[in-house]
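Novice: One structure follows; several queries about it will come next.
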Amino acid sequence: MKTTVEKYFFEQYNHQASVIVRSPGRVNIIGEHADYNHGFVLPAAIDKAAYLAVSLRDDNEIHLTALDFNEKFSTTIDELKPNSNVSWPNYILGAAAQFLKRSIQLPGFNAVLTSNVPIGAGLSSSAAVECATVFALNHLLQSKIDRVEMVSMAQKAEHEYAGVMCGIMDQFASMMGKANQVIKLDCRSLEYEYVPFKLDGIKIVLLNTNVKHSLASSEYNTRRLECLQAVEMIQAHHPEVRSLRDATVDMLDQYVLPFNDLVYQRSRFVVDEMARLNQACQFLQADNIPALGNCMFKTHDGLSRQYEVSCKELDYLVDFVRSRKEVIGARMMGGGFGGCTINLVQSDKIDMLINSIKPAYEEAMGLPLDYYIATIQNGTEVI
């Protein structure tokens, strides 16, 4: 990938790129729908990444090329604004705009982008591009902005130029990842710690449903409101509770269950998931991967039955692997209603699993099944 982007940059602009940055996609081991409830998440950067070659210009022109789309885009610093015609430039432009907002002088620049993070699979392909851009420009401008601040800049790019009000997890994992470690991230304080992720003889396998149901965005917003509703019901008795992060099962049983069973089910999943994440970290510290895998299955069941953000395609994939000895754990990953399942699979049995599940899924659902084998790698870096 580096050679490809390096070669094309030279052919396009007749000089070497000043910097090439690799910025990865991410998985989340456990802690789903916890970020907007101010809880903990457990993401990791993976070996699928965006590669961005950049050089500054002597004028105020911006010239961008996306190799994977075979598209080019040009604008100027003075006309920096979201583009409504094509979406991919917005991730780069939005990241660049964050420097201007900090009163950092930004000249024009040339950039060439390629990526092997699957788009639409819930692996944060957009966050990878945003982090790559912020990191590259910070390097070239010698702005001396620290990594956590760059995470915030990349998130703001998504909010302001892509129009997606994402949480902090995706950009944090991409920027801050470390090889063979997951990040226990406190989404309220942004405090974090690295937890070793030893997968001897086990690989992360992502199974892509190749479906994205139209319910995704509307139901996501509804879940957020249902969680807020539970908090408000508890706050009438415990004003110190600011989010479901502060709630207990006893509070839910006493103040939510008698009045709204649906809101109870939603909020009970979130509170249980936060407890599950702490358990999962203990299992990782003890190198107890089977117990972690069991937590993943429980998370999926909660997402499917209590939080109701799964779909028949995701449920099919998890149910298929549930009784297979080579699969240690599995669950849907991401916002829901499509995307990928994340599976912990014995390395020497991956081919056997794929040869079994791929034709079965394609016959049952009438959709292709793609799969990716992921390893946990370092976050955003110059290469």
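Readers should treat all values here as calculations from the given coordinates under stated rules, not as data from a laboratory. Computed from a prediction, not measured in an experiment: that's the story for all the values here. Positions of Cβ are generated from backbone atoms using ideal geometry, with glycine treated the same way; all protein chains shown enter the neighbour counts.
Novice: Of all beta bridges DSSP finds with both residues in the chain, what is the antiparallel percent, to the nearest 5?
Specialist: Bridges in the chain that DSSP calls antiparallel: roughly 90 percent.
Novice: Compute the normalised compactness of the chain: alpha-carbon radius of gyration over 2.2 N^0.38 Å, N being the residue count.
Specialist: Rounded to two decimals, the normalised Rg is 1.01.
Novice: Which links in Lys48/Lys81; Lys2/Lys312; Lys81/Lys358; Lys72/Lys184; Lys7/Lys212; Lys156/Lys312 stretch past 31 Å when you go from one Cα to the other?
Specialist: Pairs exceeding the cut-off: Lys2/Lys312; Lys81/Lys358; Lys72/Lys184; Lys7/Lys212; Lys156/Lys312.
Novice: Excluding the sites themselves, what is the longest stretch of the chain that contains no GluC sites (Glu not before Pro) in a DSSP loop with at most 11 other C-beta atoms within 10 Å?
Specialist: Here the longest segment lacking exposed loop sites spans 1-190.
Novice: Could you compute the net charge surrounding Leu244? Neighbours are other residues with a C-beta less than 12 Å from the C-beta of Leu244; K and R count +1, D and E count -1.
Specialist: Charge balance in the 12 Å sphere: +1.
Novice: Same structure again: Helix-derived [θ] at 222 nm for the chain: sum -39500 (n - 2.57) over DSSP H runs of at least 4, divide by residue count, nearest 500?
Specialist: Calculated from helices alone, the mean residue ellipticity at 222 nm is -13500 deg cm²/dmol.
Novice: Pull up all non-local amide H partners of Gln377: gap of 5 or more, or a different chain, and H-to-H distance under 5 Å with H placed in the peptide plane.
Specialist: Residues meeting the amide H criterion: Ala45, Ile46, Asp47, Asn180.
Novice: Would you kindly derive the ³J(HN,Hα) couplings of segment 290-298 from the backbone phi angles with the Karplus curve 6.51 cos²θ - 1.76 cosθ + 1.60 (θ = phi - 60°), listing them in order in whole Hz, with x for Gly and Pro?
Specialist: The phi angles translate into x, 5, 4, x, 5, 4, 5, 4, 5 Hz.
Novice: Suppose every Lys and Arg Cβ carries +1 and every Asp and Glu Cβ carries -1, with no other charges. What dipole size does the chain come out with about its Cα centre, to the nearest 20 debye?
Specialist: 400
Novice: Using the Kirkwood formula over every pair of different C-alpha atoms, what hydrodynamic radius in Å results for segment 202-373?
Specialist: Final number for the Kirkwood radius of segment 202-373 is 17.2 Å.
Novice: Quote the charge dipole size of segment 2-197 about the Cα centre in Debye, to the nearest 20; the model charges only the Cβ of Lys and Arg (+1) and of Asp and Glu (-1).
Specialist: Charge dipole of segment 2-197: 280 debye, to the nearest 20.
Novice: OK, next. Using a Gaussian network model of the chain whose springs link C-alpha atoms within less than 10 Å, name the residue from Leu52, Leu225, Leu344 with the highest mean-square fluctuation.
Specialist: Looking only at Leu52, Leu225, Leu344, the biggest GNM fluctuation is shown by Leu225.
Novice: Quickly work out the Asp351-to-Ser143 label distance, labels modelled 7 Å from Cα along the C-beta direction, and quote it in nm with one decimal.
Specialist: Taking the simple label geometry, Ser143 and Asp351 are separated by 4.7 nm.
Novice: List the residues of segment 27-47 whose backbone N lies under 19 Å from a point placed 7 Å from the Cα of Glu240 along the Cα-to-Cβ direction.
Specialist: From segment 27-47, the list is 38-39.
Novice: Moving to a separate point now. Would you mind counting up the charge near Met153? Only other residues with Cβ under 14 Å from its Cβ, with Lys and Arg at +1 and Asp and Glu at -1.
Specialist: It works out to a net charge of -1.
Novice: Could I ask something else about it? Name the residues whose placed amide hydrogens come within less than 5 Å of the amide hydrogen of Gly329, ignoring near sequence neighbours (fewer than 5 apart) on the same chain.
Specialist: Those lying under 5 Å, H to H, from Gly329 are Leu344.
Novice: Let me ask you something else. Could you check the spin-label model distance between Ser74 and Ile104? Points 7 Å from the Cα along Cα→Cβ, value in nm.
Specialist: Using points 7 Å along Cα→Cβ, the separation is 2.6 nm.
Novice: Given a Förster distance of 41 angstrom, what is the FRET efficiency for Val382 paired with Lys358, based on the Cβ-Cβ distance and rounded to 0.05?
Specialist: Once the sixth-power term is evaluated, E becomes 0.65.
Novice: Output the relative contact order of segment 76-219, whole-number percent, from Cα pairs under 8 angstrom with separation of 6+ residues.
Specialist: Dividing the mean separation by the residue count of segment 76-219 yields 22 percent.
Novice: Tell me, what is the percent relative contact order of segment 202-373, built from C-alpha pairs under 8 Å that lie six or more residues apart?
Specialist: Worked out over segment 202-373, it gives 34 percent.
Novice: Between Met365 and Val164, what FRET efficiency follows from the Cβ-Cβ distance if R0 is 25 Å, with the result rounded to 0.05?
Specialist: 0.35
Novice: Follow-up. For Glu193, what charge total do you get from the other residues with a beta carbon under 14 Å from its beta carbon, if Lys and Arg give +1 and Asp and Glu give -1?
Specialist: 0
Novice: Now a separate question. What does the extension gain come out to for Arg57 and Lys198, with contour length at 0.36 nm per residue minus their alpha carbon separation?
Specialist: 46.3 nm
Novice: By how many nm would the segment from Gln285 to Gln229 grow when fully extended, if each residue of separation counts as 0.36 nm and the alpha-carbon distance is taken off?
Specialist: Going from the current span to full extension adds 16.6 nm.
Novice: Note the full-extension length gain between Ala275 and Thr248 as 0.36 nm times their separation in residues minus their Cα-Cα distance, in nm to one decimal.
Specialist: Full-extension gain reported as 8.7 nm.
Novice: Considering only Ile342, Ala236, Val318, whose Cα is most displaced toward the positive end of the charge dipole of segment 202-373, charges sitting on Cβ of Lys, Arg (+1) and Asp, Glu (-1)?
Specialist: Of the listed residues, the answer is Ile342.
Novice: Only Cα pairs within less than 10 Å get springs; with that Gaussian network setup on the chain, which residue of Asp35, Asp250, Asp319 has the largest fluctuation?
Specialist: For the chain, modelled as a Gaussian network with Cα springs under 10 Å, the answer is Asp250.
Novice: List the relative contact order of the chain as a percent without decimals, with contacts defined as Cα pairs under 8 Å and 6+ residues apart.
Specialist: Relative contact order here is 23 percent.
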